[in-house]
Amino acid sequence: MNRSRSFVVDRDGWDDAEIVEACRLVLEVLQEAATGYETDIPIDDADWPVEVVAAAEVLRGVARRVGRVEKGGYAQTGVVRVGPASAEGLDASWAAFVTFAPFAYDAGVWGDAGELVSLADEGQSIAVRLDEDQAEAVGRVIGAARLVPVKEWRAVRRQRRKERRGSGGGGGLADVGG
């Protein structure tokens, strides 16, 4: 049996664009295993790229149908089942979710065995629960060293910070083959 394990994505040294890219890469790798997702849609979109604003509107439409939208515009989709792929290859609401999730305060993805991905605070926290095959696939797109088992997270983070201070920086997503 291919057991799953919990990991934290170590984002130290990444800028905002690299965090967004990593969140989207993780979601794209896991799309086949996804059976549902949820996200909130904050109202503060002044700094969002145009494609993120468009994705937020798609998700607000989902929230109006199956979630909730507050008077001020803040919305929550509730848990949405991932539908069958369209001719373009992705369910439209899933595609909007992948585009938008790195900008959410809270976003999650579920599979048959439970929660797969938890994103918090605009991608500042990325936690995943993966089987061996999924962990290998995610590691290939973000760098295997960035996928740290939860039990090792604190020690690895301390060590990386110490090394970075000694070397003067680095550690971006481009440095790990992303």
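When each of Arg65, Arg24, Arg5 is tested for being open to solvent by 10 Å² or more (accessible area, probe 1.4 Å) and in contact with a strand residue (DSSP E or B) (Cβ under 8 Å, 6 or more places away or on another chain), the lone residue that passes is Arg5. For the range 42-62, the tally of residues that are open to solvent by 20 Å² or more (accessible area, probe 1.4 Å), in a loop (DSSP other than H, G, I, E, B) and in contact with a strand residue (DSSP E or B) (Cβ under 9 Å, 6 or more places away or on another chain) stands at 1.
For Gly72, the criteria (1) of a type outside the set (D, E, K, R); (2) in contact with a helix residue (DSSP H, G or I) (Cβ under 9 Å, 6 or more places away or on another chain); (3) at pLDDT below 95 hold in every case but one, which is (2). Filtering the range 90-102 to residues that are more than 13 Å from Leu27 (Cα to Cα) and modelled with pLDDT of 95 or more leaves nothing.
So that you can scan it fast, the table gives a plain yes or no per residue for (1) of a type in the set (S, T, N, Q); (2) farther than 20 Å from Val52 by Cα; (3) modelled with pLDDT under 90:
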{"residue": "Gly78", "(1), (2), (3)": "no, no, no"}
{"residue": "Pro84", "(1), (2), (3)": "no, yes, yes"}
{"residue": "Glu88", "(1), (2), (3)": "no, no, yes"}
{"residue": "Ala104", "(1), (2), (3)": "no, no, no"}
{"residue": "Val109", "(1), (2), (3)": "no, no, no"}
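Looking only at residues of the range 8-21 that are of a type in the set (Asp, Glu) and touching a Leu at 6+ places or on another chain (Cβ under 9 Å), we find that the one that is surrounded by the fewest Cβ atoms within 10 Å (Cβ to Cβ) is Asp15. Here is the figure for the range 106-126: residues that are surrounded by fewer than 15 Cβ atoms within 10 Å (Cβ to Cβ) and under 11 Å from the mean Cα position of the chain (by Cα) total 4. Taking the criterion of being at pLDDT below 95, basic (Lys, Arg) and open to solvent by 40 Å² or more (accessible area, probe 1.4 Å), the residues of the range 130-154 that qualify are Lys151, Arg154.
The values are calculated or read from the model by the stated rules, or taken from the named source; none is laboratory data. What you see is a predicted model, and the numbers here were worked out from it, not measured in a lab. Virtual Cβ from ideal backbone geometry, glycine too; neighbours counted across all protein chains shown. In case anyone asks, the SASA skips ligands and DNA or RNA and just uses the protein heavy atoms, side chains included. Shrake-Rupley method; radii C 1.70, N 1.55, O 1.52, S 1.80 Å.
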